[in-house]
Amino acid sequence: MWWLQFVAKKLDKRLSDLGATAVVERGLGDDQHPSGYEAALDPWLSSLWSRLNEIKPHFFPKGPDFLVSNEELIGLPKVQVTYHNVDDMDSRLSTATDFKYLQMQIGRARSMSSGKVPHEKSKPDAFLKMVKNFPLTRASHEKDVRHFEFEFVSQVIKYEIGDVLEVLPSQSPAAVDSFIQRCNLDPESLITVHPREMENRHIDNNVNTLDVPIKLRTFVELTMDVTSASPRRYFFEARSCIFFATAEHEKERLQYFASPEGRDDLYQYNQKERRTVLEVLEDFPSVQMPFEWFVQLVPPLKNRAFSISSSPLAHPTQVHLTVDVVSWTTPFKRKRQGLCSTWLASLDPEQSIYIPVWFHKGLLPPPQPSLPLIVIGPGTGCAPFRGFVEERAVQSQSSTIAPTLLFFGCRNENNDFLYRDFWLFHSENDGVLSEAKGGGFYAAFSRDQPQKVYVQHKMQEQSERIWNLLCEGAAIYVAGSSTKMPSDVMVAFEEIISKESGAPRESAVRWLRSLEKAGKYHVEAWS
């Protein structure tokens, strides 16, 4: 959103420089606001209409506060759902293999989704089977971090360390069934979904997968997030129409939620409590909406992205992930869990469930074996660097490997020291992280002493070693939480460079900027 604000400010200044006079004061939205950009948009629009009415009253013959009826506003949904007979099913499916069938099902459903992003691949790259699932944190610890190992069961995809794996999560079958039943839909119906402007085009089933029918239940399960995502405000605006709400008190409440005055109460009810689409429907039982509107308004089921924590050199037929199983309590003491992480944690490797996945390049390019590394990965930020260390361990068997300094951080040594044995093994006996090989492993346990100790403090302790590696052309890799950690680490590097070089802080800042421009300072951070 910041770049849109930048454009708005530049345009406002340019118009002012040209002699223009503002009708109303410039408005700037903030997408990080609890109510989104609409928190600033609603009052700004109200002031705009009032001001325009003062300037030209004939613009608003019925006044700036006159509301167009819901019937006129709602129009038609942007998507068209077509129902088919059983004979319309693609005969090719009868001879397809299991994986081919699954891939086609997912590809067709997600190609038809209204939430489809043009550049996204609809069909999964491969299917994985979980072979290991074990906790990395102590059972009594407040966080549950898991190590997952998967094997390829369809085709083996070549990936690199630093790559990202996207997983399509599975929704609760019971919740999907409840949604379909609540909407009075037939789960066995065969449907195709496409933009409304395409409804009159010629259909060629052999060319476009959008035209191959799919079961309604499958479409909902694979494309519509009815069990975890909270609906957006427009969901309440469309649903407040007289056509959809038959109970007057429900209609009034929905209209209030959709109004500027009800924005904060909607935030408390919806976003803050993370109510799902199914829960909202259950709170407004009189609403009966055509399926086309649900397809348009229900948040799309999104893939979840995870940094790969394995090396293909060490595990040619496997992919490993390090996942924090997300859970929290809402202000009204309702227990909430992350859809994908909770689902993965619940899987039993003996079940042989096929997991659809996509591979993508991440923000951490694989380094050459000859490149010295300074790596900072607190918490689950260590995940990609586990793959880095595995890769260098294999490479070291046939060639010389440059030194690697790795800084890890967690709360307690006994509770959440992720991959403790792995790091210590490679720190000893001439391992990749051993001092004998010019490397080092340094762990910060922030809650094990009265004074909190973070990765940047451990970096300061190794100031000279860091400076020496930087002088040898080392690259810096940082991964983890996007809160304060990346900026604190950057400040620590500035202080180390200034201290060890004797140069002013400004020179250290320029040094780091030159590393970024040269592609030798990489950050992968997530919220």
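Look at the dipole of the range 373-525 built from charges on Cβ: of G519, A444, V394, the Cα furthest out on the positive end belongs to G519. Applying 1/(1 + (r/R0)^6) with r as the Cβ-Cβ distance of V156 and Q288 and R0 = 45 angstrom yields a FRET efficiency of 0.40. Taking the DSSP bridge list for the chain and keeping only pairs wholly inside it, about 65 percent are antiparallel. For the pair Q449 and C471, the difference between a 0.36 nm per residue extended length and the Cα-Cα distance amounts to 4.5 nm. Between the helical axis of 485-501 and the longest alpha-carbon principal axis of the chain there is an angle of about 30 degrees. Among the GluC sites (Glu not before Pro) within the range 123-175, those in coil by DSSP and having at most 16 neighbouring Cβ atoms inside 10 Å are E142.
I'd like to know how the range 287-400 sits against the 2.2 N^0.38 Å rule of thumb: what's its Cα Rg over that expected value? Display every interim value, and only then the final one.
Values: Rg = 19.6 Å, N = 114, 2.2 N^0.38 = 13.3 Å.
Ratio of Rg to 2.2 N^0.38 Å for the range 287-400: 1.47.
Working ranking of peptides 130-136, 454-460 by packing, defined as the average number of other Cβ atoms within 10 Å per residue, highest first, is 454-460, 130-136.
Where in the range 328-361 does the label zone of E273 land, with the point 7 angstrom along Cα→C-beta and an amide N cut-off under 12 Å? Of the residues in the range 328-361, 330-335 have backbone N under 12 Å from the label point off E273. Taking the Cα centre of the chain as the origin and placing charges on Cβ (Lys, Arg +1; Asp, Glu -1), which of F407, G75, Y101 is farthest toward the positive end of the dipole? After comparing all options, I get F407.
Pairs exceeding 26 Å between alpha-carbon atoms, taken from K123/K520; K458/K484; K437/K520: K123/K520. Give me the angle, in degrees from 0 to 90, between the Cα long axis of helix 505-517 and the longest principal axis of the Cα atoms of the chain, rounded to the nearest 10. Relative to the chain, helix 505-517 is tipped by roughly 70 degrees.
Over all directions, average the projected area of the Cα convex hull of the chain and note it in nm².
Numbers: hull surface 128.1 nm².
It is 32.0 nm².
Note on the range 373-525: the alpha carbon radius of gyration divided by the globular reference 2.2 N^0.38 Å gives 1.01.
A 1.4 Å probe run over the protein chains yields, for the chain, 52 Å² of accessible area per residue, whole-number rounding.
Please give the peptides 8-16, 294-302 ranked by average Cβ packing (other Cβ atoms within 10 Å per residue), highest first, as a rough proxy for protection.
Most protected by this proxy first, the peptides run 294-302, 8-16.
The values are calculated or read from the model by the stated rules, or taken from the named source; none is laboratory data. Just so we're clear, the structure is a prediction, and the values are computed from it rather than from any experiment. Neighbour counts are summed over all protein chains in view; Cβ atoms, including those assigned to glycine, are modelled from backbone coordinates with ideal geometry. Please note that ligands, DNA and RNA were not included when accessible areas were found on the heavy atoms of the full protein model with its side chains. Shrake-Rupley method; radii C 1.70, N 1.55, O 1.52, S 1.80 Å.
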